[in-house]
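Q: Following this message is one structure expressed as structure tokens.
The values are calculated or read from the model by the stated rules, or taken from the named source; none is laboratory data. Not measured: the values here are computed from a predicted model. Heads up, the Cβs are rebuilt from the backbone with ideal geometry, glycines too, and the neighbour counts pull from every protein chain shown. Heads up: the accessible areas ignore ligands, DNA and RNA and are worked out on the full protein's heavy atoms, side chains in. Shrake-Rupley method; radii C 1.70, N 1.55, O 1.52, S 1.80 Å.
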Amino acid sequence: FANLGMETDARILCELLNVREPDWQSCVEACLGERRFDILVSPKHYRTAKRVFEQLGAEVGRVSLLDTPALERDAGRGRGPEASSLATKVTSENWLAQSYVNDLLGRIICCDTSETLEEYPHSATRELLRHFPYRLARLRAPDLFIGLDARKRQLKEAREELAELGKRLETLKGQERL
């Protein structure tokens with residue numbers, strides 16, 4: 001973007017989201033899965049971002065570029081998220097990010113216990129049980145990336161890991177001197 005004289009506005013979806021109820025965080029992140037790392041750019045920069053995305057080829061891995069012009073076009077069409085859906089647990093100041101999350105999570109009904117999961121074709125519990133049409137699954141507990149608390153936790157863990165590696169290095173240096 002900078003090479004083209006454009007201001008970069010690309011953001012990773014998880015940076016734009018917050019979970020309202022911390023006890024639902026793992027479920028939200030598990031249901032979003034790798035979509036948490038999708039790239040969102042303003043609709044006016046989408047075509048340029050698309051060209052860059054195409055040029056990167058396999059380097060992008062499983063990350064997606066959100067079609068923000070389509071999100072903008074379709075905003076308000078159809079029905080919003082179900083009142084008791086997982087989407088209602090997520091907030092964003094970016095309306096395009098919120099619209100995308102509403103689409104992804106808006107039909108997954110939040111159940112307080114596993115007893116009511118089968119009442120809905122798409123439902124989930126805080127304990128990471130997920131009901132799909134005709135099947136029940138246990139979601140894997142994800143590493144958390146959404147919200148400031150998740151980033152603070154990651155930073156703390158990285159600092160602890162760095163300190164532990166420093167101790168191991170000092171131990172190895174001491175052994176080397178012997």
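Q: For TYR100, state whether it is closer than 30 Å to THR48 by Cβ and of a type outside the set (A, V, I, L, M, F, W, C).
A: yes
Q: A further question follows. Look through GLY78, GLY61, GLY33 and report the one residue that is small (Gly, Ala, Ser) and modelled with pLDDT of 95 or more.
A: GLY33
Q: If I go through the range 124-159 residue by residue, how many of them are charged (D, E, K, R) and modelled with pLDDT of 90 or more? Break it down stepwise before answering.
A: Residues of the range 124-159 charged (D, E, K, R): 126-127, 130, 135, 138, 140, 143, 149, 151-153, 156-157, 159.
Next, from what is left, pick out any that are modelled with pLDDT of 90 or more: 126-127, 130, 135, 138, 140, 143, 159.
Total satisfying the criteria: 8.
Q: Taking the stated definitions as given, is ARG47 closer than 16 Å to PRO142 by Cβ and either touching a residue at least 40 places away in the same chain (Cβ under 8 Å) or over 13 Å from the mean Cα position of the chain (by Cα) (or both)?
A: Spelling it out, it is not the case that ARG47 is closer than 16 Å to PRO142 by Cβ and either touching a residue at least 40 places away in the same chain (Cβ under 8 Å) or over 13 Å from the mean Cα position of the chain (by Cα) (or both).
Q: Those residues that are aliphatic (A, V, I, L, M) and in a strand (DSSP E or B), I need them from the range 40-93; list them, please.
A: Passing the criteria: LEU40, LEU65, VAL90.
Q: Restricting to the range 97-126, name every residue that is in a helix (DSSP H, G or I) and touching a helix residue (DSSP H, G or I) at 6+ places or on another chain (Cβ under 9 Å).
A: Within the range 97-126, ALA97, GLN98, SER99, TYR100, VAL101, ASN102, ASP103, LEU104, LEU105 meet the criteria.
Q: Being in contact (Cβ under 8 Å) with a residue 40 or more places away in the chain, out of contact with any Phe, Trp or Tyr (no Cβ under 9 Å at 6 or more places or on another chain) and either open to solvent by 100 Å² or more (accessible area, probe 1.4 Å) or over 30 Å from SER42 (Cα atoms) (or both) is true for just one of ARG159, ARG130, ARG168. Which residue is that?
A: On inspection, the qualifying residue turns out to be ARG130.
Q: Shifting gears a bit: What pairs come up if the first residue lies in the range 135-155 and is more than 19 Å from ARG11 (Cα to Cα), the second is modelled with pLDDT of 95 or more and among the polar types (S, T, N, Q), and their beta carbons are under 9 Å apart, counting only those six or more places apart or on different chains?
A: LEU136/SER114; LEU139/SER26; ALA141/SER26; PRO142/SER26
Q: Within the range 94-127, restricting attention to residues that are touching a residue at least 60 places away in the same chain (Cβ under 8 Å) and under 17 Å from LEU66 (Cα atoms), which residue is surrounded by the most Cβ atoms within 10 Å (Cβ to Cβ)?
A: So the residue we want is VAL101.
Q: From GLU15, GLU82, GLU21, GLU119, grab the single residue that is within 13 Å of the chain's Cα centre (by Cα) and of a type in the set (D, E, K, R).
A: Selected residue: GLU15, the only one of GLU15, GLU82, GLU21, GLU119 that is within 13 Å of the chain's Cα centre (by Cα) and of a type in the set (D, E, K, R).
Q: Looking at the range 7-16, which of the residues that are aliphatic (A, V, I, L, M) and part of a helix (DSSP H, G or I) is surrounded by the fewest Cβ atoms within 10 Å (Cβ to Cβ)?
A: Checked the range 7-16; the qualifying residue surrounded by the fewest Cβ atoms within 10 Å (Cβ to Cβ) is LEU16.
Q: Something else now. Got at least one residue in the range 133-150 being of a type in the set (D, E, K, R), under 23 Å from ASP38 (Cα atoms) and over 15 Å from the mean Cα position of the chain (by Cα)?
A: no
Q: Got a number for residues in the range 17-39 being crowded, with 19+ Cβ neighbours inside 10 Å and touching a Ser or Thr at 6+ places or on another chain (Cβ under 9 Å)?
A: The total comes to 4.
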